[in-house]
1. If the Cβ limit is 7 Å and pairs must be 6+ apart or interchain, which residue in segment 34-57 that is assigned by TED's automatic domain parsing to the domain that holds residue 82 pairs with which residue that is among the hydrophobic types (A, V, I, L, M, F, W, C) and within 6 Å of the ligand (Cβ to nearest atom)?
2. Could you list, ordered by first residue, the pairs with Cβ atoms under 8 Å in which the first is in segment 81-97 and of a type in the set (D, E, K, R) and the second is assigned to a helix (DSSP H, G or I) and open to solvent by less than 70 Å² (accessible area, probe 1.4 Å), at least 6 apart or interchain?
3. Quick one: in segment 1-19, which of the residues that are modelled with pLDDT of 95 or more and of a type in the set (Gly, Ala, Ser) is farthest from the ligand (Cβ to nearest atom)?
4. Of the numbered conditions (1) among the hydroxyl-bearing types (Ser, Thr, Tyr); (2) surrounded by 18 or more Cβ atoms within 10 Å (Cβ to Cβ); (3) more than 24 Å from residue 64 (Cβ to Cβ), residue 109 fails exactly one; give the number of that condition.
5. Checking residue 61 against (1) outside any helix (DSSP H, G or I); (2) more than 21 Å from residue 11 (Cα to Cα); (3) at pLDDT 90 or above: exactly one of these is not met. Which one?
6. Scan 278, 218, 316, 247 and give me the residue that is part of a helix (DSSP H, G or I) and under 30 Å from residue 38 (Cα atoms).
7. Looking only at segment 187-197, count how many residues are surrounded by fewer than 20 Cβ atoms within 10 Å (Cβ to Cβ) and more than 16 Å from the ligand (Cβ to nearest atom).
8. Name the residue that is farthest from the chain's Cα centre (by Cα), counting only residues in segment 42-98 that are hydroxyl-bearing (Ser, Thr, Tyr) and open to solvent by less than 10 Å² (accessible area, probe 1.4 Å).
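The values are calculated or read from the model by the stated rules, or taken from the named source; none is laboratory data. This structure is a prediction, so every number in the text was calculated from the model and none was measured. Here Cβ is always computed from backbone atoms with ideal geometry, including for glycine, and neighbour counts include all displayed protein chains. Heavy atoms of the whole protein, side chains included, go into the accessibility calculation; ligands, DNA and RNA do not. Shrake-Rupley method; radii C 1.70, N 1.55, O 1.52, S 1.80 Å.
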Amino acid sequence: MIEARGLARTFRSRGRTVEAVRGVDLDVHAGELVGFLGPNGAGKTTTLRMLTTLLRPSSGTATVGGVDLLADPVGVRKKIGYVAQGGGTAPECRVIEEIEIQGRFYGLSKADAVRRGADLAKQLDIGGLEQRLVRTLSGGQKRRLDIALGLIHSPGLVFLDEPTTGLDPQSRANLWEHIRSLRDEHNVTVFLTTHYLDEADSLCDRILVIDHGQIVAEGTPDELKAQVSGDGVVVGVPTDSVAHAAEIAGRLPGATEVTTADNTVRFRVPRGDTALPELLRALDAKDIAMTSIQVQRPSLDDVFLAMTGRTLRDAEEGHHA
Ligand SMILES: Nc1ncnc2c1ncn2[C@@H]1O[C@H](COP(=O)(O)OP(=O)(O)OP(=O)(O)O)[C@@H](O)[C@H]1O
């Protein structure tokens with residue numbers, strides 16, 4: 001669906017050259033929900049604007065929806081939907097007017113635009129709001145209207161730029177459900193940007209982490225977390241078995257950082273879920289009764305820290321400073 005090689009963009013700003021994106025390679029396959037994660041100013045929006053033909057790359061090539069970005073930008077536009085940060089609706093317009101205007105813009109007849117708009121409104125849970133002024137919608141409703149407008153021409157690929165920024169937690173969770181169903185029930189490939197770790201983690205099949213205009217990590221949320229330091233495991237055992245249990249844990253494949261306390265053994269393994277059955281069998285064979293067990297997965301923030309030496313929060317604060 002998307003294949004980009006060496007995509008780069010520089011800006012001239014107040015006599016300085018800003019390298020916003022420095023050679024990004026990325027592949028997004030049909031049916032994937034891919035997240036582009038990075039702090040403010042990392043280059044997410046600039047990459048998205050290039051892939052959606054709104055900004056010409058300084059260098060690099062890409063095909064989007066099977067169409068060459070540089071040779072046929074109009075062809076690309078027909079294949080994709082784009083929902084900008086904050087959307088593009090006018091507060092004093094009625095919802096139905098926005099739907100009609102957007103539909104006409106993509107060459108639909110008024111009747112087709114209204115029909116398609118009604119289908120999308122139902123799908124995105126904003127049915128019955130057609131006569132309302134945009135400014136009277138809640139944040140979540142407006143964001144869902146923005147997405148409906150981006151899908152009016154039934155594109156197979158949609159770009160969402162920070163779709164949940166500014167929404168309250170409940171509206172965010174609700175929008176995640178809608179974004180998932182775009183992919184699951186309507187076969188839309190989704191490429192979204194976010195600087196929320198929890199969003200990338202729970203929503204995306206695959207994540208590309210960008211920092212200072214370059215992709216610094218890529219994989220499923222689980223793969224990325226596994227790359228970092230593995231899972232932490234804490235096992236509770238009777239005090240007189242701690243030393244023996246620690247020895248057993250230390251023999252698990254890939255086990256590191258084995259430490260003991262009063263009645264617990266802590267260690268790290270590449271994959272907690274696959275190490276646990278082996279550990280249980282080994283403890284059982286030695287008649288050691290386990291009293292509790294906990295697996296602590298590393299977070300995506302750990303991934304960002306490992307790749308860049310900064311936490312995402314530090315990176316954002318640094319950008320605003
Ligand atoms: N038109 C422009 N002129 C000059 N510099 C720009 C322009 N657009 C973006 N930049 C700079 O390029 C860098 C990347 O910006 P971009 O908006 O792509 O980041 P982002 O990851 O989308 O951030 P955010 O999460 O804040 O939207 C930043 O340093 C930004 O200031």
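1. 43/20; 46/20
2. The qualifying pairs are 92/134; 94/134.
3. Looking at residues that are modelled with pLDDT of 95 or more and of a type in the set (Gly, Ala, Ser), I get 6.
4. Of the numbered conditions (1) among the hydroxyl-bearing types (Ser, Thr, Tyr); (2) surrounded by 18 or more Cβ atoms within 10 Å (Cβ to Cβ); (3) more than 24 Å from residue 64 (Cβ to Cβ), the odd one out for residue 109 is (2).
5. (2)
6. 316
7. Adding up the residues that qualify gives 1.
8. Step one: of segment 42-98, the residues hydroxyl-bearing (Ser, Thr, Tyr) are 45-47, 52-53, 58-59, 61, 63, 82, 89.
Right, trim to open to solvent by less than 10 Å² (accessible area, probe 1.4 Å) and you get 47, 52.
Working: 47: 14, 52: 18 Å.
For segment 42-98, the residue satisfying everything is 52.
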